[in-house]
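Participant: Pasting a structure below so you can have a look.
The values are calculated or read from the model by the stated rules, or taken from the named source; none is laboratory data. This one's a predicted model, so the numbers in the text were calculated from it and none came from an experiment. So basically every Cβ, Gly included, is an ideal-geometry build from the backbone, and we count neighbours across all protein chains shown. Side chains included, ligands, DNA and RNA excluded: accessible areas come from the protein's heavy atoms. Shrake-Rupley method; radii C 1.70, N 1.55, O 1.52, S 1.80 Å.
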Amino acid sequence: MEMIQFFIKIWPELYKGLLVSLQLSAGALLLGLAIGLPMALARTYGKGLVKTLATAYIEIIRGTPMIVQLFIIYYGLPDFGILLDRMPAAIIALGINSSAYQAEYFRGAILSIDEGQGLAAQALGMTKSQTIVNIILPQALRLVLPPWSNELIYMVKYTSVAFLIAVPELMARGKMIITQTFKPMETLFWVGAIYVVVLSVIAKAVDIIEKKLAIPGFQMSRED
Amino acid sequence: MGLINDKAFDVLRSIPYLLEGVGITLEITVIALVLGTIAGLFLALCRVYGGSFLHNFAVVYSRIIRSLPLLVIVFMLYFLGSEIINIPAFWAAVLALAMHTSAYQIEIFRGAIQSINKGQMEAALALGMSKYQSIFAVILPQSLRRAIPYWANEATIVLKDSAMAYVLGITELMRRSEYVSARTAQPMLTYIVSGLIYLIMTYAFTKSMAKVESKVRIPGLER
Amino acid sequence: MKGEFLMTEPILRINNLHKKFKDTEVLKGVTLTVNEGEVVVIIGPSGTGKSTLLRCINRLTEPDAGEIYLGEHKIESAKSNLTKVRQRIGMVFQDFNLFNHLTALQNVAIGPIKVKKMNKKDALELAMRELERVGMADKAQNYPAELSGGQKQRVAIARALAMDPEIMLFDEPTSALDPELIGEVLEVMKKLADAGMTMVVVSHEMGFAREAADRIVFLEDGVIAEMGSPEKIFNNPEKERTREFISKIARLHGSDSEMPGTGS
Ligand SMILES: Nc1ncnc2c1ncn2[C@@H]1O[C@H](COP(=O)(O)OP(=O)(O)OP(=O)(O)O)[C@@H](O)[C@H]1O
Ligand SMILES: [Mg+2]
């Protein structure tokens with residue numbers, strides 16, 4: 001009972017935080033998509049320097065912690081005269097991080113569309129880029145949905161690192177409430193509960209969308 | 001301004017100090033991985049072979065932990081420590097990382113176990129092995145091999161996530177980087193250096209796990 | 001023909017066995033006695049319960065009703081005696097089920113080591129002898145994925161033999177094999193039968209059935225529709241259904257399949 005009263009008291013504050021978390025995730029995912037897809041194409045179809053750079057970008061991002069990326073952008077860029085507000089800094093850092101993972105999902109999907117499909121299209125007289133745009137990508141985009149939805153869930157979770165540069169997202173609001181109320185366990189319980197509920201809803205929604213979009217008999221195995 | 005200036009040397013001179021932090025980062029990572037792997041494997045076995053209580057426990061545990069951000073778990077254990085039993089910050093971080101990874105490892109090991117043809121278990125039982133013998137002599141040696149690449153990927157995630165121990169003030173690589181960055185007023189260079197150190201570690205680990213994987217590969221078998 | 005073997009004791013007695021999966025009744029009261037040294041070949045249409053019957057014998061499948069005795073010993077699922085009973089029953093599967101992570105030799109040795117607690121050295125020697133028996137000694141150090149189907153099945157037979165079973169169950173041991181590999185497996189089974197092993201074999205290899213079987217059991221719709229000597233079942237079955245089925249498999253498999261030296 002007490003727990004519930006406490007929840008009612010802190011909910012407005014947590015709700016604001018949740019909205020920020022969701023904005024962060026959405027921004028980061030879109031930015032990740034905008035960078036990740038070209039990176040995947042560059043790594044898969046690029047030659048020479050383009051391929052090398054794309055590969056290096058992806059491997060460097062995937063090989064380093066998200067916090068380091070966040071701190072480079074938020075604390076490091078001002079050295080070069082680039083000052084970013086907390087929110088854009090967080091979105092850019094999370095987006096860059098996500099782009100490397102998304103690039104790998106796309107690459108996996110592109111590679112798994114069998115060569116036969118590409119050859120068949122070229123036999124019809126399509127150019128390489130026509131083939132990629134018209135034949136490979138439409139299939140790869142569907143195939144990438146399951147790993148991509150995992151990335152979505154990952155992103156919502158990992159927006160909590162933005163708390164480290166004081167973006168007022170869910171975790172940060174929780175931390176503030178703890179300082180004000182001295183009720184750490186109760187607060188964290190409700191913060192955790194919100195994450196569990198929100199992520200379950202997202203997972204369920206993604207599931208439904210996936211079923212709708214599925215091409216019968218055509219799927220990439222899902223890791224979890 | 002820029003990376004190359006008179007203070008850049010201060011950062012480079014701090015590298016030994018950062019490397020001491022690497023020791024702590026590795027300590028956190030290794031202990032968390034050992035605990036997380038033991039728990040993950042045990043719960044995966046519960047999930048696949050356990051009675052309904054153990055099975056359901058493993059399912060719910062995995063679902064909930066995988067929905068919680070690592071930072072939330074870190075703070076829960078940390079404040080639980082300050083409220084009930086005193087968990088030192090180091091152990092709060094290690095246990096949080098261990099719990100977090102264990103939930104993902106349940107899924108990794110479960111997938112690996114279930115990917116083994118059920119005829120393997122039947123053949124073992126038909127020889128007169130007990131269920132435990134069948135699991136340990138026949139199923140696990142095969143499924144653990146299959147799990148290696150996924151486990152290796154998870155291990156690098158733990159290494160990278162160990163940077164979050166920073167929030168509890170543990171002087172691992174990330175926290176020391178912050179000190180160096182503040183002292184030298186060279187955040188860009190400092191974080192690039194620490195990023196490189198992480199990169200070297202994840203790269204070396206990934207490469208050596210690939211070696212291990214090919215070393216224990218079953219001859220003739222696809223994967 | 002082994003008809004002249006002295007058939008002493010019944011070694012396996014199956015009494016009124018029933019098994020249902022969900023709503024479908026697969027075994028509807030099967031009663032069958034197998035004597036020591038006897039080779040019983042079970043035939044019957046797909047989905048009729050042949051595998052289920054074999055799997056009930058060593059309790060890979062739990063029957064709903066009926067009793068099974070191995071010698072004087074009633075087979076029950078109380079854990080304490082189940083592993084003991086299974087040691088006495090060898091089983092050979094359609095898809096071999098060799099342990100993928102072990103060499104041929106280790107596959108054969110693991111039963112004696114884990115189940116009989118035999119020391120490693122003795123077990124490996126025993127395993128080598130069993131591999132020689134099935135003509136696989138030269139592949140002892142190979143892993144299953146490096147063997148052909150026929151070779152895998154011969155190793156699987158050796159693995160079962162290494163437990164020194166009183167009876168061997170074969171569930172369509174050659175039906176996953178390419179035609180040219182069937183002969184080598186049937187040859188091993190024939191040798192085993194000649195050596196006096198008690199065998200229950202689900203198989204539609206007519207050549208083998210004619211040569212090695214003491215009795216053919218025609219299972220249909222979960223009951224034994226007819227049983228008798230190979231001559232009777234193949235040449236003058238009592239029931240029209242049996243005759244139809246025999247001519248059908250004769251057409252599918254060839255009347256005398258790749259049994260080496262069968263030639264007719
Ligand atoms: N574990 C199970 N769960 C549900 N149904 C089963 C199971 N095992 C077997 N069945 C069903 O029981 C029936 C008999 O199966 P069984 O495998 O014993 O047939 P069979 O005579 O060996 O056929 P085949 O010649 O194809 O091997 C089939 O209809 C099958 O679908
Ligand atoms: Mg069958």
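Participant: Among C:GLN94, A:LEU152, C:LEU27, flag the residue with its Cα farthest along the positive direction of the charge dipole of the protein assembly as shown, charges on Cβ as +1 for Lys/Arg and -1 for Asp/Glu.
Facilitator: Looking along the dipole axis, the top candidate is A:LEU152.
Participant: With loop defined by DSSP as not H, G, I, E or B, and exposure as at most 10 other Cβ atoms within 10 Å, which is the longest segment of chain C clear of exposed GluC sites (Glu not before Pro)?
Facilitator: Between exposed loop sites, the widest span is C:73-264.
Participant: A further question follows. Per the Kirkwood formula on distinct C-alpha pairs, the Rh of the range C:174-243 is how many angstrom?
Facilitator: Hydrodynamic radius (Kirkwood, Cα only) of the range C:174-243 equals 13.2 Å.
Participant: Mind listing, in residue-number order, the residues in the range B:195-223 that have at least 10 Å² less accessible area with every protein chain present than in their own chain alone (1.4 Å probe)?
Facilitator: B:GLY195, B:TYR198, B:LEU199, B:THR202, B:ILE218, B:PRO219, B:GLY220, B:LEU221
Participant: Then there is this: Provide a whole-number value for the mean count of partner chain Cβ atoms within 10 Å of the Cβ atoms in peptide C:91-101.
Facilitator: 6
Participant: For chain A, rounded, prolate or oblate, judged on the Cα gyration tensor with a ≥ b ≥ c (square roots of eigenvalues), a/c < 1.5 rounded, else prolate if a/b > b/c?
Facilitator: Since a/c reaches 1.5 but b/c is at least a/b, the shape of chain A is classed as oblate.
Participant: What dipole magnitude, in Debye to the nearest 20, does the protein assembly as shown give about its Cα centre under +1 on Lys/Arg Cβ and -1 on Asp/Glu Cβ?
Facilitator: Dipole magnitude for the protein assembly as shown comes out near 1500 debye.
Participant: Which net charge results for the neighbourhood of A:LEU199, defined as the other residues with beta-carbon distances under 12 angstrom from its beta-carbon, given Lys and Arg at +1 and Asp and Glu at -1?
Facilitator: Summing Lys and Arg as +1 and Asp and Glu as -1 gives +4.
Participant: Which whole number of Å³ per residue matches the convex hull of the alpha-carbon atoms in the range A:91-153? If you can, show how the numbers build up before the last one.
Facilitator: Working: hull volume 4.9 nm³, N = 63.
Normalising the Cα hull of the range A:91-153 by residue number yields 78 Å³.
Participant: Right, something else. Specify the angular offset, from 0 to 90 degrees and rounded to the nearest 10, of the alpha carbon long axis of helix B:89-114 from the longest principal axis of the alpha carbons in chain B.
Facilitator: Value to nearest ten degrees: 40.
Participant: If you don't mind, another one. Estimate for me the total accessible surface buried between chains A and B (protein heavy atoms, probe 1.4 Å, no ligands or nucleic acids), in Å² to the nearest 100.
Facilitator: 3500
Participant: When the dipole is taken about the Cα centre of the range C:12-253, and only Lys, Arg (+1) and Asp, Glu (-1) are charged at their Cβ, what size is it in debye, to the nearest 20?
Facilitator: Result for the range C:12-253 is approximately 740 debye, rounded to the nearest 20.
Participant: Now for a different question. Whole Å is fine, so just give me how far the alpha carbon centre of the range A:114-155 lies from that of the range B:168-195.
Facilitator: Centre-to-centre distance over Cα atoms comes out at 42 Å.
Participant: Cα-Cα over 23 Å: which of C:LYS74/C:LYS191; A:LYS51/B:LYS207; C:LYS28/C:LYS239; C:LYS50/C:LYS74?
Facilitator: C:LYS74/C:LYS191
Participant: Would you work out which of A:LEU70, A:LEU53, A:ILE82 lies farthest towards the positive end of the dipole of the range A:1-90, given +1 charges on the beta-carbon of Lys and Arg and -1 on that of Asp and Glu, about the Cα centre?
Facilitator: A:LEU53
Participant: Roughly how many Å² of C:ASP95 are accessible to a 1.4 Å probe, to the nearest 10?
Facilitator: Roll a 1.4 Å probe over it and C:ASP95 shows about 90 Å².
Participant: When the helices in chain B are scored as -39500 (n - 2.57) per DSSP H run of 4 or longer and the sum is shared across all residues, what 222 nm value do you end up with, to the nearest 500 deg cm²/dmol?
Facilitator: -26500 deg cm²/dmol
Participant: Pop the C-beta distance of A:LEU30 and B:VAL34 into the FRET formula with R0 = 45 Å and round what comes out to the nearest 0.05.
Facilitator: Working: r = 38 Å, r/R0 = 0.86.
It comes to 0.70.
Participant: Please work out the average accessible area per residue across the range C:12-253, using the 1.4 Å probe convention, and give it in Å².
Facilitator: Working: 9790 Å² over 242 residues.
Using a 1.4 Å probe on heavy atoms only, each residue of the range C:12-253 averages 40 Å².
Participant: If you don't mind, there's one more thing I want to ask. As I understand it, the value is the acute angle between the Cα axis of helix A:170-181 and the longest principal axis of the Cα atoms of chain A; what does it come to in degrees, rounded to 10?
Facilitator: On a 0 to 90 degree scale, this one is about 10.
Participant: Just name one of B:ILE65, B:PHE53, B:GLY23: the one whose Cα is farthest towards the positive end of the charge dipole of the range B:1-65 (beta-carbon charges, Lys/Arg +1, Asp/Glu -1).
Facilitator: It is B:PHE53.
Participant: Using the structure shown, select from C:LYS22/C:LYS232; C:LYS190/C:LYS248; C:LYS121/C:LYS152; B:LYS215/C:LYS84; A:LYS211/C:LYS20 the pairs with a Cα to Cα distance greater than 28 angstrom.
Facilitator: Result: C:LYS22/C:LYS232; B:LYS215/C:LYS84; A:LYS211/C:LYS20 exceed 28 Å.
Participant: How large, in percent, is the carbon and sulfur part of the accessible surface of the protein assembly as shown at a probe radius of 1.4 Å?
Facilitator: Details: 19320 of 32000 Å².
It is 60 percent, rounded to a whole number.
Participant: Same structure again: Could you work out the Rg to Rh ratio of chain C, with Rh taken as the Kirkwood radius (inverse of the mean 1/r over all Cα pairs)?
Facilitator: A ratio of 0.96.
Participant: Whole-Hz Karplus ³J(HN,Hα) for the range B:13-19, in order, using 6.51 cos²θ - 1.76 cosθ + 1.60 and θ = phi - 60°, x for Gly and Pro?
Facilitator: 5, 8, 4, x, 4, 5, 5
Participant: Test of understanding: express the Cα radius of gyration of chain B as a ratio to 2.2 N^0.38 Å, with N the residue count. Spell out each step's value before the answer.
Facilitator: Numbers: Rg = 21.2 Å, N = 223, 2.2 N^0.38 = 17.2 Å.
That ratio works out to 1.23.
Participant: When the label point is put 7 Å from the Cα of A:ILE209 along its Cα-to-beta-carbon vector, which residues of the range A:6-35 have a backbone N closer than 19 Å?
Facilitator: Counting only backbone N, you get A:19-35.
Participant: Show me C:42-53, B:41-52 ranked by packing, highest mean number of other Cβ atoms within 10 Å first. Mind showing how you got there, number by number?
Facilitator: Values: C:42-53: 20.5, B:41-52: 18.2.
Ranked from most to least packed, the peptides come out as C:42-53, B:41-52.
Participant: Largest first and in whole Å, give the semi-axes of the protein assembly as shown's equivalent ellipsoid, each being the square root of 5 times a Cα gyration tensor eigenvalue.
Facilitator: Output for the protein assembly as shown: semi-axes of 62, 28, 25 Å.
Participant: Moving to a separate point now. To the nearest 10 degrees, how steep is helix B:173-184 against the longest Cα principal axis of chain B, on a 0 to 90 scale?
Facilitator: Computed tilt is about 10 degrees.
Participant: Let me ask something else. Please report, ordered by residue number, every helix of chain C (full DSSP H runs) that is 24 Å or longer along its axis going by C-alpha atoms and whose mean Kyte-Doolittle hydropathy reaches 0.0.
Facilitator: Going by DSSP H runs, there are no hits.
Participant: Express in whole angstrom the spacing between the alpha-carbon centres of the range C:185-222 and the range C:118-152.
Facilitator: Answer, in whole Å: 24.
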